[in-house]
1. Looking only at residues that are out of contact with any helix residue (DSSP H, G or I) (no Cβ under 9 Å at 6 or more places or on another chain) and part of a strand (DSSP E or B) in region 125-168, which one is farthest from Glu36 (Cα to Cα)?
2. List the residue pairs whose Cβ atoms are under 6 Å apart, where the first residue sits in region 9-23 and is hydroxyl-bearing (Ser, Thr, Tyr), the second is modelled with pLDDT of 95 or more, and the two are 6 or more positions apart or on different chains.
3. Would you check if there is a residue in region 359-374 being over 30 Å from Gly181 (Cα atoms), outside the structural domain of Asn267 (by the TED database), of a type outside the set (Gly, Ala, Ser) and assigned to a strand (DSSP E or B)?
4. Could you list, in sequence order, all residues of region 180-189 that are in a strand (DSSP E or B) and within 9 Å of ligand 1 (Cβ to nearest atom)?
5. Which of the following residues is away from ligand 1 (no atom under 15 Å from the Cβ) and in contact (Cβ under 8 Å) with a residue 60 or more places away in the chain: Gly212, Gly247, Gly264?
6. Which pairs turn up if I take residues in region 187-201 that are in the same structural domain as Phe303 (by the TED database) and look for partners that are in a loop (DSSP other than H, G, I, E, B) and among the aromatic types (Phe, Trp, Tyr) with beta carbon separation below 8 Å, at least 6 apart in sequence or on another chain?
7. Take the residues of region 232-258 that are at pLDDT 95 or above and hydrophobic (A, V, I, L, M, F, W, C): which is farthest from Arg345 (Cα to Cα)?
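The values are calculated or read from the model by the stated rules, or taken from the named source; none is laboratory data. All values derive from a computational prediction rather than experimental measurement. Cβ placement follows ideal geometry from the backbone for every residue including glycine, while neighbour counts extend to all protein chains displayed.
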Amino acid sequence: MLPLNDALHQMLQQLPQPTATKLLSLKDAADRICAEDILSPINVPAFDNSAMDGYAVRLNDLEEGKPLKVAGKAFAGIPFQGEWETGSVVRIMTGAMIPSGTDAVIMQENATVHEDGRVSFTQIPKCGENLRRKGEDIQKGDVVLHKGAKLTSVALPLLASLGLEKVSVFKKIKVAVIATGDELVPVGQALGEGQIYDTNSFTVSLMLKKLGCEVIDFGILPDDPARFEESFIQAQQQADMIITSGGVSVGEADFTKTVLEKLGQINFWKIAMKPGKPFAFGKLGDTWFCGLPGNPVSALVTFYQLVQPAIAKLSGFSEWKAPQEFPATTTVSLKKRPGRLDFQRGFYHVNENGQIVVESVGFQGSHLFSAFVKSNCFIVLEKDRGNVEAGEKVTIQVFNEILG
Ligand code: AMP
Ligand code: MG
């Protein structure tokens, strides 16, 4: 059996970075992947300005308690015009361009306005106080976003603040989703004897959409090699990747393997992980292929651990981060047989002592999907580990947004 990390490493080595890009206006670019390093065309701030409502002053004019004339006003967007005589100050608002020669801004709370309109100050400020300097945040030419970053709800406003109207993004990748099995029925139809509803098409399509892919739903295939062949060829013509579920084991109705060996180059791996043992990875023509196991829990876990990073690479999302792992204390005992890396479903929280603790969410069979909705993390139990006692340290892997 192949260790999970070796499988992942082999997949990532083969998968290319994308090249196809598209120019989008910022408004349409939410959650897309940036296809170029973005350099700032301007300084931010673009000019020295005031951080406070108050008075722009020159230190040479100031003496504690001495009233000074107000030479004029500066508003955000309406700079001070005219002569700034010696021995006077300028009334200024937050964000207003400071008049040339300003050493500091004194906030209005520290100023006393006299009846004749003059102002005095109780404290003399330091040079530069309450000033925002040109280029302090971003200098013209700085890289503000790297190629491979996601255009999030903080990244896009940043580009807007630089006056950028359009951004180059990688094209969405197209993924064909295929469920296989004579027993499967789509939702909306009554179940016959021995039939079950197709879960995996939902799981896979939903996670793909969260990863920014365009999904082509190929529905359910009966266990018939001729139908497999026909669908795989059709999917290959339309998609950058095909993801199937089911039919990758060695049962009598498991045709994925035979059909793929005929049509393309495919590795069938028995991965040393639980749930999820059988997994196929390869290529049909120019289209990548991932064959997930049929059990809904196994399909989800293998997608999350293997397909998710593969999609990130194929989409150009080079700043993608693997789900975060933390040490935690288990509050319950966990059943585990040595031999495979185990992803049990767990629920973690921080207890009253500030410790991260995790509990199991019940039976862990790969055919039991309901526990997933009660979980917020995987409890990752190392390959060689056996049963775990309550109170032992374990590693948890917190679910990321595709399971949110
Ligand atoms: P297989 O790998 O095709 O032998 O499938 C393993 C188990 O997963 C069987 O119990 C199947 O009925 C079940 N299964 C396969 N595909 C799906 C699906 N799309 N939705 C729900 N269960 C499935
Ligand atoms: Mg099957």
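1. Per the criteria, the residue is Leu131.
2. What qualifies is Thr21/Ala35; Thr21/Ser168; Thr21/Phe170.
3. Within region 359-374 (the criterion being over 30 Å from Gly181 (Cα atoms), outside the structural domain of Asn267 (by the TED database), of a type outside the set (Gly, Ala, Ser) and assigned to a strand (DSSP E or B)), the answer is yes, since at least one residue qualifies.
4. Answer for region 180-189, where residues must be in a strand (DSSP E or B) and within 9 Å of ligand 1 (Cβ to nearest atom): Thr180, Leu184.
5. After applying the criteria, what remains is Gly212.
6. Close Cβ pairs (under 8 Å, with a partner that is in a loop (DSSP other than H, G, I, E, B) and among the aromatic types (Phe, Trp, Tyr)) amount to Thr199/Phe369.
7. In this case the residue turns out to be Ile233.
Conditions (1) under 29 Å from Phe202 (Cα atoms); (2) buried (at least 18 other Cβ atoms within 10 Å of the Cβ), marked per residue:
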residue	(1), (2)
Ala322	yes, no
Arg337	no, no
His349	yes, no
Glu352	no, no
Val361	yes, yes
Val388	no, yes
Lys393	no, no
